[in-house]
1. Suppose we take every Cα in segment 72-139 and form the convex hull; what volume per residue is that in Å³?
2. Please arrange Tyr53, Tyr167 by how many other C-beta atoms lie within 10 Å of their C-beta, fewest to most.
3. How big is the dipole moment of the chain about its Cα centre under a simple scheme where the beta carbon of each Lys and Arg is +1, that of each Asp and Glu is -1, and everything else is neutral? Debye, nearest 20, please.
4. What does the charge add up to near Asp57, with Lys and Arg as +1, Asp and Glu as -1, over the other residues with Cβ less than 13 Å from its Cβ?
5. With the dipole of segment 26-192 worked out from charges on the C-beta (+1 for Lys and Arg, -1 for Asp and Glu) around the Cα centre, which of Val155, Ile84, Leu183 lies farthest toward the positive end?
6. Pull up the DSSP beta bridges for the chain and report the antiparallel fraction as a percent, rounded to 5.
7. Which ³J(HN,Hα) values, rounded to whole Hz and listed in residue order, are derived for segment 159-164 from phi using the Karplus coefficients 6.51, -1.76 and 1.60 in 6.51 cos²θ - 1.76 cosθ + 1.60 with θ = phi - 60°, glycine and proline given as x?
8. Expressed in nm to one decimal, what extension gain is obtained for the pair Asp40 and Asn55 from 0.36 nm per residue of sequence separation less their Cα-Cα distance?
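Any read-out appearing in this document is the output of simple, stated calculations on the displayed coordinates, not a laboratory observation. Keep in mind the model is a prediction, meaning the values are calculated, not measured. Don't worry about glycine lacking a Cβ; one is built from the backbone with ideal geometry, like all the others, and counts go over all protein chains shown.
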Amino acid sequence: MKKLNSIYILSILFIGNAIFSQESFSPESISKAAIELTKDKVIYDGSYFSIPYPNGDVPDGIGVCTDVIIRTYRLLGLDLQKEIHEDMKNNFDRYPKKWGLKKPDKNIDHRRVPNQMTYFERQGSSLVITNESENYLPGDIVAWDLGGGTTHIGVVVNVKSPHSDNYMIVHNIGAGQNIDDCLFDFEIIGHYRFLRNIN
């Protein structure tokens, strides 16, 4: 009986720890981390770089929209370079085939909007796309179609626009890591709430 009780208690502790680890990202912490990025001067540059792995990043002072997402979660202790690369290694056929690659490339895969979108979808983080601003909350990730095959991605943050009822977006659309009221400026093609620390 004592052995069964011990197993029961250990099972409860294990489940509790698993739940805790999966809930370790709060919308507030994601929002705060994204806003912190706006303090850094960054020039838009989507060039291919050979970077370290894991926890690799392109050189300081440059980046694109996907780097905003990567750097936001990295500030919270999650390495999307590693997470996306490992998921692509095991599930390469589930990811877009837009770049002619026959295997994952740890230097660039995580820096592509369609790959980030696929990863968040595969993590069960997809939300319904609507035209209602109240559905887009701080900590959410939003992806857009800019037209002409160009996609974009950013983080909803806990700052309301003075000109609308929208929460603002931290993103890099060419002018650095900025905060803008641009939620409905383009066609939304992805909406995600990724709060789980899967490590």
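1. Working: hull volume 7.3 nm³, N = 68.
For segment 72-139, the hull spanned by Cα atoms encloses 108 Å³ per residue.
2. Values: Tyr53 12, Tyr167 22.
With the sparsest Cβ surroundings first, the list reads Tyr53, Tyr167.
3. So the magnitude is around 980 debye.
4. Values: positive: Arg71, Arg74, Lys82, Lys106, Arg111; negative: Asp40, Asp45, Asp60, Asp67, Asp79.
Result for the local shell: 0.
5. Ile84
6. Details: 18 of 20 bridges.
Counting DSSP beta bridges with both partners in the chain, the antiparallel share is about 90 percent.
7. For segment 159-164, the Karplus curve yields 9, 7, 5, x, 10, 8 Hz.
8. Extending this stretch completely gives an extra 3.5 nm.
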